[in-house]
Amino acid sequence: MRLRRWLAATTAIIAGAVLFAAAPAMAGPPLKVAVIEDMTGPLEAYAKQDVNGLKLGIEYATHGTGTVAGRKIALIEKDSQTKPDLGRSLLSEAYEDDGAEIAIGGTSSAVALAMLPVAQDEKKVFIVSAAVADSITGAKWNRYIFRVDRNSSQDAISNAVATGRPGLVVGTLAQDYAYGHDGVTAFKKALEPTGAKVVAEEYAPAAATDFTAPMQRLFDALNKQQGEKVIAVLWAGASPMGKLAALDPQRFGIRLGTGGNILPVLKAWNAIPSLEGMEGATYYYYGIPKNPVNDWLVAEHQKRFGAPPDFFTANGMAVGMALVTALERTKGATDADTLIKAMEGMAFDTPKGRMIFRAEDHQALQPMYAFRLHVDPKQPWAVPVLTRELTIADMKVPIENKR
């Protein structure tokens, strides 16, 4: 009898211990991440791709759990409507009222720049996602800011490396705000060692629809020059290339040039025969990178959305993977000092391959892709055909901040 009781008690203790060991560790509170993007307005397409990509990146990096260090990542999504003042107030609201521990966002450079001081005041990490202006990690930067997307200098240097050569004469057309001015400044500097030169600059309102006057001034300036001539266009949002091509720069022996863009823009370019052979550099085109992350993104995006991933989808996925990598390194800690220490110099996988947060200014260093555009009406869009992958080592991206 005593033996049976002892065996029963022992069995119960062992069973309880096994059940306890098999039970998952108690989950921590949700890890709140604010996502503030321009979901309405001229950059709506960029923002929606970015957010979709962010969710895919978190899914991929957490193996489908959405959990890091026992905490479920909870996204708090807000629409800054391409309004700097609204972006600033929404970021304050996210940190102070919603309890966000980290924030992500900034589709427009103007909106992102308005939000940078908030992160500094709140002493919380803010990952700039899609905004490109150099001043974000330059003159307006603070230690709480990290940027995953390329900056204006990376755009400019990659396009300069892809297109610059002795005898090339360039006029530029850009939007009249931080993105455009920073981009042209960086492009001019990057062209200098190639032997090409910028001889004229024109800026137009971001919402401009009539480009006759600035283009005529560029025609006049370039017609005074000898050599190969191109008008380089730096434009975010709805592409003006169709309207620019309609002004027939070819009658003056002038070509148009610009960097890569999203698929709807490439579709519009496919109807412009004069863009055949256009040279430039792009951040991403789904058919270019060859790595397991991009393979997964292309397959999953096609399965879920019936289309390949686009320019900013890849960017958003890179943001999500950077976020998860950082939180894995901190074991879920989100205080700024711990995160900053973990993220400075941090390498992380993306659909483009490995990126690295540069310690000096927290700009993500990354490959870019030189291309030659192929226009074919039989295809759904114009295809940027890879001519050269530009590695991190190929691009000497300047450090613009005053740290």
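The values are calculated or read from the model by the stated rules, or taken from the named source; none is laboratory data. Keep in mind that what you see is a predicted model, and the values were worked out from it rather than measured. FYI the Cβ positions are ideal-geometry reconstructions off the backbone, even for glycines, and counts take in every protein chain you see.
Answer yes or no as to whether Ala139 is under 30 Å from Gly105 (Cα atoms), in contact (Cβ under 8 Å) with a residue 12 or more places away in the chain, touching a Pro at 6+ places or on another chain (Cβ under 6 Å) and among the hydrophobic types (A, V, I, L, M, F, W, C). It is false that Ala139 is under 30 Å from Gly105 (Cα atoms), in contact (Cβ under 8 Å) with a residue 12 or more places away in the chain, touching a Pro at 6+ places or on another chain (Cβ under 6 Å) and among the hydrophobic types (A, V, I, L, M, F, W, C). Taking the stretch 268-290 as the range and being loosely packed, with under 14 Cβ neighbours inside 10 Å and either among the aliphatic types (A, V, I, L, M) or part of a helix (DSSP H, G or I) (or both) as the test, the residues that pass are Ala271, Pro273.
Against the conditions (1) within 19 Å of Ile58 (Cβ to Cβ); (2) touching a residue at least 12 places away in the same chain (Cβ under 8 Å), Arg304 satisfies every one except (2). Scanning the stretch 256-267 for residues that are buried (at least 21 other Cβ atoms within 10 Å of the Cβ) and either part of a loop (DSSP other than H, G, I, E, B) or hydroxyl-bearing (Ser, Thr, Tyr) (or both) gives Thr258, Gly259, Gly260, Asn261. Is at least one residue of the stretch 291-301 crowded, with 19+ Cβ neighbours inside 10 Å, in a loop (DSSP other than H, G, I, E, B) and touching a Gly at 6+ places or on another chain (Cβ under 7 Å)? The answer is no; no qualifying residue exists. If you go through the stretch 31-65 and keep only what is more than 14 Å from Met317 (Cβ to Cβ), touching a helix residue (DSSP H, G or I) at 6+ places or on another chain (Cβ under 8 Å) and surrounded by fewer than 22 Cβ atoms within 10 Å (Cβ to Cβ), you end up with Met39, Ala45. Can you confirm whether Lys189 is basic (Lys, Arg), modelled with pLDDT under 95 and over 20 Å from Gln226 (Cα atoms)? Here the answer is yes, as Lys189 does meet what is asked.
For the stretch 120-140, the set of residues classified as among the hydrophobic types (A, V, I, L, M, F, W, C) and either surrounded by fewer than 24 Cβ atoms within 10 Å (Cβ to Cβ) or in contact with a Cys (Cβ under 6 Å, 6 or more places away or on another chain) (or both) consists of Ala139 only. Name the single residue, out of those in the stretch 232-255 being closer than 26 Å to Thr82 by Cβ and of a type in the set (A, V, I, L, M), that is surrounded by the most Cβ atoms within 10 Å (Cβ to Cβ). The residue in question is Ala232.
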